[in-house]
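Enquirer: Dumping the structure here so I can ask a few things about it.
The values are calculated or read from the model by the stated rules, or taken from the named source; none is laboratory data. This structure is a prediction, so every number in the text was calculated from the model and none was measured. FYI the Cβ positions are ideal-geometry reconstructions off the backbone, even for glycines, and counts take in every protein chain you see.
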Amino acid sequence: MLRIGIDTGGTYTDFCAVDAGRVHTWKVPSTPGDPGSALRRGLRELLEHVGGARDVEVVYGSTIATNALLERRGGRTALVTTAGFEDVLAIGRQARPSLYDLQVERAAPLVARRWRRGVHESIAPDGSVEQELARDEAEAVAEALARAGIESVAVCLLSSYANPRHERMLERALRARGLQVSSSFRLLPEFREYERTSTTVVNAYLLPRVGPALRALRQRAHVRRLSVLQSNGGRLSLQAAATEPVRLLLSGPVGGAVGAWESARRHGLRRAIGFDMGGTSTDVCLLLGGPPERLHENEVAGQPVRVPMLDIHTVGAGGGSIARCDAGGALQVGPESAGADPGPACLGRGSEPTVTDAHVVLERIRPDRYLGGRLALDPQRARAIVARLARRLQLDVQRTALGIIRVANATMEKALRVVSLERGHDPRELALLSFGGAGGLHAADLVRSLRMRGALVPAEASVLSALGMLYAHVERDYARTLLQRAPAGDLQRHFEPLLKQARRDLGREGVTRPRLLRRVDLRYVGQSHELTVPWGPHFEHDFHRLHATRFGFSAADEPVEIVTVRVRAIGDVSPPPPVRSGRAAARVPRFERVSMWLEGGARPRRREVRVVGAEALPRQVLHGPLLVLRDDTTIWVPADFDAQRRARGALWLEPRRSLRTEESA
Amino acid sequence: MNRRTSFDPVSVELWKHRFAAVTAEMGVALRRTAYSSNIKERRDFSTALFDAHGRMLAQGEDIPVHLGSMPMSVEAALREAPPGPGDVVLLNDPFRGGTHLPDITLVSGVFRRGRRAPLFYVANRAHHADVGGMRAGSMPLATEIYQEGLRIPPLFLVRGGHEQGDVLRLILANVRTPDERRGDLRAQIAANRVGERRLVEIVAEHGAQQVERHANALLDYSEQMTRQLLRRTPDGRYHAVDFLDDDGVGCGPVRIEVLVEIQGGRARVDFAGSAPQVAGGMNAIEAIARSAVFYVVRALVAEAIPSNEGCMRPLRVVVPSRSVVSARPPAAVAGGNVETSQRLVDVLLKALRPALPDRVPADSSGSMNNLTIGGIDRDGAPYTYYETMAGGMGARPGAHGLSGVHTHMTNSLNTPIEALHHQFPFRVTRYALRRGSGGGGRWRGGEGLVREYRFELPAQVTVLSERRTQAPCGAAGGGAGATGRNRLWRGGRWRRLPGKFQIEVTPGDRLRIETPGGGGWGRA
């Protein structure tokens, strides 16, 4: 069995496979209209490369769910609630997202008023039925929605977590009419109606798009076993992913975050920012001695979603971001992207200038060595199209190109600030772990503007996201609300059904001996937030202790309540071996001198720059300006930076020390 | 101070977030360890951080009405009961920097081990669902503060790390729900502890001098940003008058008047002409007037500047003594903090509308629609419940107002209906946007809310609400928002209730609160 991680970006699709202790990587242009086509081509090429066809298992990071939500291209979705509470989704928690912003906006709800339908029923908090839901009413609502051409329905009734009877009834009625349904008691059986409703609605909204897209993809790519990365860093079978697409909202960037942490760890970087610059967007995350923090609730596109997610921040700037002149005459870059189709102008079809074209104009991307020479570039076309923009801006071509890069850098710098400064971490103490196809060309500029320690560009930089997927465990969480005073007799009894379910589900994912972690959520009677401690003979004692460490006091005299018992089931995978430095870049001589446009003084000027293949790099420190070519990416070392080769083919960039001393003096 | 300081942009950003992170962390600790739904679910609290001189350095993004008043609480604590190492000082006296009696503030010093000179002070303020007095929930229609609940001057709740049992017992003996109060007070102590611990770590890492230098730079920075706003505002005298519906005990409308004079990057805000203090509990104390001014300026600056003492430096606030904006004992004050504070913002924005026509929105709903319910539950245990309801936001030049959202001086959340049903012997039977309540215009005002309750056991119910007779105004020709309405279902029919009332409900009674919409902006 060959395990292959695949990362579909807006511009390229990356492949990573482990075979016989070696990591193989591959890259093909994405085919956004039909992503399976790029998968199929890439898989075929990769398999030829590793020596023939065989049984493969694909781990896939998908932006299908994310994009459908961001671009509001989900299903035609309705919501069924308890009558009188149809507006809970629109009211939210009645708070504004920003305290002092008079222009504050809130994202519109995913389901408009006319498709939010109430049914007459009532379930008491203890689960007893106070008012039966009439079967006729359930059928009538289902009928009306089906007739109106609704595709999917979110069902969220008050207190359904205590008794799902009425949600089940609606579910049956809706399914019988061919509607797709997401019920809140299955997805998030917890109290707090707004968060549960919002999460269920997002899931229902994605149902009609994500499952079919994933199935089509699997078929098109001729893969039998496909699992998808979920936002928490674990993976899910296609079947599970299709019914709970809300778990895939960070599926795309999560592979990179996991890969970045593994790479940082192997290179001994304890405090770093993972910086993944792709063709369409840039994802950043903070790495403090571990993978990014796991959030239990997050907002995506203004919609609160209560499923675990890694803490990753995304901005719309990448190699394919389009530059334009706005109404006020200012240069704007992104968030629109040329993507893979038409792609940057230099690839021959695009007619809008992109960040990549700017690099081509400045000759930092060498036309004959793009993707190891596998794609031919058209530098004339890039220059002509950047020149068109330059005329509108009344600048020369080189200054326009430098301007495009500076504006893109400013957007990315903002993202880096969010995960460092805004969380109280000084970027001056952090290193940049740069990856993604375009990262190496921008890393040094960003290090300079945030005065970071330096940037590490690992050998596997351009496929790190795909590689990260090979680290993904199968991981599922199970919970059951108890709300009983501790010690609640035989707790083991309450864990049993969860353990059974976990073994069954993971069995289906091909895991025979899962790791099963048992935990309990506890609080003092009267509180409504819990602390989670591992289940064991001293769990109550552990709770008092944790409460004291976290909040400065504990109350051994106060009664403790067991709110929830939890099981986390993990099917471990063996991590891929370290990547050895890639093959030598095609036809790169040891050193070559070329002349290119550099920033300097009032206007860019031409200067001699050394170009070197990554394989040919000596161990000693090299001064910029320098262009380091790899098979699949280029690294730019500006004049005020030094570069040094590190273990396993990584490259370390650092502001030149002499310059630094001058600056601080 | 007239020099233009140059700031290191990275340091300003970094320390702004560092200090803000401390207050945010205090807020998390408070919310996660609190017992009452008003604190743990509705987040009706705020946290703040002060330097060794009592100057506010940072405040959590919580409740703006606490902004200008927290510094006065700290000032009172430092004057009357300065906290030493391991001490926590408690107070709620509105005439010593409090706001109204349910808001209890805890102040602690931050010290290096073995030292007696403080590095910082941390404080947090939380709205307790009961502090005694004539009605459950301590938000009654009173005519003297003594009826509103227990009034506590600064005193030591914790001394040298030891909870002062006598103080705690005295407080708990005077409130309806002592267990919940004890839990909430411990949560407040925890919040200060968390703040102390983080600050001690920060000082250990960066050194006290560095931290102080950055703190001062942040104060200067906020000052400079505020001055810039005032400089961008045309110099002039801006005047406005608005009214509260009534004082709840038969008097009204109640006049609020302001004159804002802006000149050369400074502003003088004078509330002369406002009504003398009223018999009912709609009196605001000076700290609230300062908070309203602070909020308006902070919102108009339109940049993410730290909320600290620096913002106040270019402002001078003048209040007529013994007036509805600067009450003195024995005035009742429960509604001043929650209702009059909103009107103060309305009148300030109204005054500044001609100066900043493209920035200032139409009137928002202008009421927090306060509801308190108290009684004895099925198990014979006393309970008290407090919540506020949002309304429509005023339309902005260029955007509709948001619907069903808290505006201006508060941003507390709603109580999840499921949380409420778990705990209390009444039900919410309807929670909806109030269709058609927003003012018309080029940009429409936001819609108010409808919230309906059904009572299962006898209970005391008190409502303090505004904009029931005086509608939120539109701007630039936009229409007014709908006034709010309060109604009771009893004996088979709906009866109209006034904006402020206290009643005894019986099982089967239903209460419906319809909150005001926001004003529209521009002609349709």
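Enquirer: Which of the following residues is within 14 Å of chain B (Cβ to nearest Cβ), within 28 Å of residue B:190 (Cβ to Cβ), without any contact (Cβ under 8 Å) to a residue 40 or more places away in the chain and not in a loop (DSSP other than H, G, I, E, B): A:546, A:483? Before the answer, list the steps.
Expert: On the way: A:483 fails: without any contact (Cβ under 8 Å) to a residue 40 or more places away in the chain.
Only one candidate qualifies: A:546.
Enquirer: I'm checking my understanding of the structure. Among residues of the stretch B:166-185 that are surrounded by fewer than 21 Cβ atoms within 10 Å (Cβ to Cβ) and touching a residue at least 12 places away in the same chain (Cβ under 8 Å), which one is farthest from residue B:384 (Cα to Cα)?
Expert: So, considering only residues that are surrounded by fewer than 21 Cβ atoms within 10 Å (Cβ to Cβ) and touching a residue at least 12 places away in the same chain (Cβ under 8 Å), the one farthest from residue B:384 (Cα to Cα) is B:167.
Enquirer: Considering only residues of the stretch A:95-153 that are of a type in the set (S, T, N, Q) and assigned to a loop (DSSP other than H, G, I, E, B), which is farthest from residue B:454 (Cα to Cα)?
Expert: A:103
Enquirer: Regarding residue A:113, is this residue surrounded by fewer than 17 Cβ atoms within 10 Å (Cβ to Cβ), closer than 29 Å to residue B:43 by Cβ, within 11 Å of chain B (Cβ to nearest Cβ) and at pLDDT 95 or above?
Expert: Spelling it out, residue A:113 is indeed surrounded by fewer than 17 Cβ atoms within 10 Å (Cβ to Cβ), closer than 29 Å to residue B:43 by Cβ, within 11 Å of chain B (Cβ to nearest Cβ) and at pLDDT 95 or above.
Enquirer: What number of residues in the stretch A:535-554 are basic (Lys, Arg) and within 14 Å of residue B:26 (Cα to Cα)?
Expert: Result for the stretch A:535-554: 1.
Enquirer: Then there is this: Can you say whether residue A:448 is at pLDDT 90 or above, within 14 Å of chain B (Cβ to nearest Cβ) and over 30 Å from residue B:23 (Cβ atoms), as far as the supplied structure shows? Step through it out loud before you land on a result.
Expert: On the way: at pLDDT 90 or above: yes; within 14 Å of chain B (Cβ to nearest Cβ): yes; over 30 Å from residue B:23 (Cβ atoms): yes.
For residue A:448, the condition - at pLDDT 90 or above, within 14 Å of chain B (Cβ to nearest Cβ) and over 30 Å from residue B:23 (Cβ atoms) - is met.
Enquirer: Ok, one more. Can you name every one of the strands (runs of 3 or more DSSP E) wholly within the stretch B:380-479 that holds 2 or more residues which are more than 10 Å from every other protein chain (Cβ to nearest Cβ), touching a Leu at 6+ places or on another chain (Cβ under 8 Å) and over 21 Å from residue A:107 (Cβ atoms)?
Expert: Details: elements: B:382-388, B:426-433, B:449-455, B:459-464.
Hits in the stretch B:380-479: B:382-388, B:449-455, B:459-464.
Enquirer: Could I ask something else about it? Return the total of residues in the stretch A:422-455 being at negative phi, without any contact (Cβ under 8 Å) to a residue 12 or more places away in the chain and over 21 Å from the mean Cα position of the chain (by Cα).
Expert: Number satisfying all stated conditions: 1.
Enquirer: May I ask you to verify whether residue B:12 is in contact with a His (Cβ under 9 Å, 6 or more places away or on another chain) and among the hydrophobic types (A, V, I, L, M, F, W, C)? Explain how you work it out, then say what you get.
Expert: Values: in contact with a His (Cβ under 9 Å, 6 or more places away or on another chain): yes; among the hydrophobic types (A, V, I, L, M, F, W, C): yes.
Yes; evaluated as a whole, the condition is true for this residue.
Enquirer: Pick out the one residue from A:127, A:118 that is within 12 Å of chain B (Cβ to nearest Cβ), over 37 Å from the mean Cα position of the chain (by Cα) and either farther than 29 Å from residue B:302 by Cα or surrounded by 15 or more Cβ atoms within 10 Å (Cβ to Cβ) (or both).
Expert: A:127
Enquirer: Looking at the stretch A:455-474, can you tell me whether even one residue there is part of a strand (DSSP E or B), away from chain B (no Cβ under 14 Å) and more than 20 Å from residue A:266 (Cα to Cα)? Before you say what the answer is, go through the steps one by one.
Expert: Kept after step one, since they are part of a strand (DSSP E or B), are these residues of the stretch A:455-474: A:455-457, A:474.
Going one step further and asking which of them are away from chain B (no Cβ under 14 Å), we end up with A:455-457, A:474.
Cutting the leftovers down to more than 20 Å from residue A:266 (Cα to Cα) gives us A:474.
Within the stretch A:455-474, one or more residues are part of a strand (DSSP E or B), away from chain B (no Cβ under 14 Å) and more than 20 Å from residue A:266 (Cα to Cα).
Enquirer: Let me ask you something else. Quick one: would you say residue A:548 is exposed (fewer than 13 other Cβ atoms within 10 Å of the Cβ) and aliphatic (A, V, I, L, M)?
Expert: When the stated conditions are applied, residue A:548 does not pass them.
Enquirer: Evaluate the following for residue A:11: is it more than 14 Å from chain B (Cβ to nearest Cβ), of a type in the set (S, T, N, Q) and in contact (Cβ under 8 Å) with a residue 60 or more places away in the chain?
Expert: Considered against the rule, which asks whether it is more than 14 Å from chain B (Cβ to nearest Cβ), of a type in the set (S, T, N, Q) and in contact (Cβ under 8 Å) with a residue 60 or more places away in the chain, residue A:11 comes out as yes.
Enquirer: Something else about it: Condition first: in contact with a Lys or Arg (Cβ under 9 Å, 6 or more places away or on another chain) and among the acidic types (Asp, Glu). Now tell me which residues in the stretch A:242-265 satisfy that.
Expert: A:244
Enquirer: Now for a different question. Filter the stretch A:154-167 down to residues that are touching a Leu at 6+ places or on another chain (Cβ under 6 Å) and in a helix (DSSP H, G or I) and give me whichever is surrounded by the most Cβ atoms within 10 Å (Cβ to Cβ).
Expert: A:166
Enquirer: Mind listing just one residue for me: the one in the stretch B:45-66 that is within 11 Å of chain A (Cβ to nearest Cβ) and among the acidic types (Asp, Glu) and, of those, nearest to residue B:287 (Cα to Cα)?
Expert: B:62
Enquirer: If you check residue B:94 against the conditions, is it more than 28 Å from residue B:117 (Cβ to Cβ), in contact with a His (Cβ under 8 Å, 6 or more places away or on another chain) and at pLDDT 90 or above?
Expert: Against the criterion (more than 28 Å from residue B:117 (Cβ to Cβ), in contact with a His (Cβ under 8 Å, 6 or more places away or on another chain) and at pLDDT 90 or above), residue B:94 qualifies.
Enquirer: Under the condition of being under 30 Å from residue B:292 (Cα atoms) and polar (S, T, N, Q), which residue from the stretch A:58-110 is farthest from the other protein chains (Cβ to nearest Cβ)?
Expert: Ranking the qualifying residues of the stretch A:58-110, first place goes to A:98.
Enquirer: Let me ask something additional. Have a look at B:159, B:193, B:213 and point out the one that is at the interface with chain A (Cβ under 9 Å from one of its Cβ atoms) and surrounded by fewer than 22 Cβ atoms within 10 Å (Cβ to Cβ).
Expert: B:193
Enquirer: Okay, moving on. Filter the stretch A:39-49 down to the residues that are free of Cβ contacts under 8 Å to residues at least 60 places away in the same chain and surrounded by 17 or more Cβ atoms within 10 Å (Cβ to Cβ), then identify the one that is nearest to residue A:24 (Cα to Cα).
Expert: Initial filter on the stretch A:39-49 (free of Cβ contacts under 8 Å to residues at least 60 places away in the same chain): A:41-42, A:44-49.
Next, only the ones that are surrounded by 17 or more Cβ atoms within 10 Å (Cβ to Cβ) stay: A:42, A:46-47.
On the way: A:42: 12, A:46: 8, A:47: 10 Å.
My answer is A:46.
Enquirer: Which one is modelled with the lowest pLDDT, of the residues in the stretch A:168-198 that are surrounded by 19 or more Cβ atoms within 10 Å (Cβ to Cβ), more than 14 Å from every other protein chain (Cβ to nearest Cβ) and assigned to a helix (DSSP H, G or I)?
Expert: A:187
Enquirer: Out of (1) within 29 Å of residue A:245 (Cβ to Cβ); (2) in contact (Cβ under 8 Å) with a residue 60 or more places away in the chain, the odd one out for residue A:336 is which?
Expert: (2)
Enquirer: Checking the conditions here, which among B:307, B:274, B:291, B:326 is under 30 Å from residue B:58 (Cα atoms), at pLDDT 95 or above and hydroxyl-bearing (Ser, Thr, Tyr)?
Expert: B:326
Enquirer: With respect to the numbered conditions (1) at the interface with chain A (Cβ under 9 Å from one of its Cβ atoms); (2) under 22 Å from residue B:485 (Cβ atoms); (3) in contact with a strand residue (DSSP E or B) (Cβ under 9 Å, 6 or more places away or on another chain), which one is the sole condition not fulfilled by residue B:367?
Expert: (1)
Enquirer: Follow-up. Inspect the stretch A:498-514 for any residue being under 25 Å from the mean Cα position of the chain (by Cα) and not in a loop (DSSP other than H, G, I, E, B) and give the result as yes or no.
Expert: Yes; the residues of the stretch A:498-514 include at least one that is under 25 Å from the mean Cα position of the chain (by Cα) and not in a loop (DSSP other than H, G, I, E, B).
Enquirer: Need pairs with beta-carbon distance below 6 Å; first residue under 30 Å from residue B:242 (Cα atoms) and within the stretch B:360-385, second modelled with pLDDT under 95 and of a type in the set (A, V, I, L, M); sequence gap 6+ or separate chains.
Expert: Once the first residue is under 30 Å from residue B:242 (Cα atoms) and sits in the stretch B:360-385, its partners that are modelled with pLDDT under 95 and of a type in the set (A, V, I, L, M) give B:361/A:102.
Enquirer: Additional query: Which one of these does residue A:537 not meet: (1) under 28 Å from the mean Cα position of the chain (by Cα); (2) more than 14 Å from chain B (Cβ to nearest Cβ)?
Expert: Status for residue A:537: all satisfied but (1).
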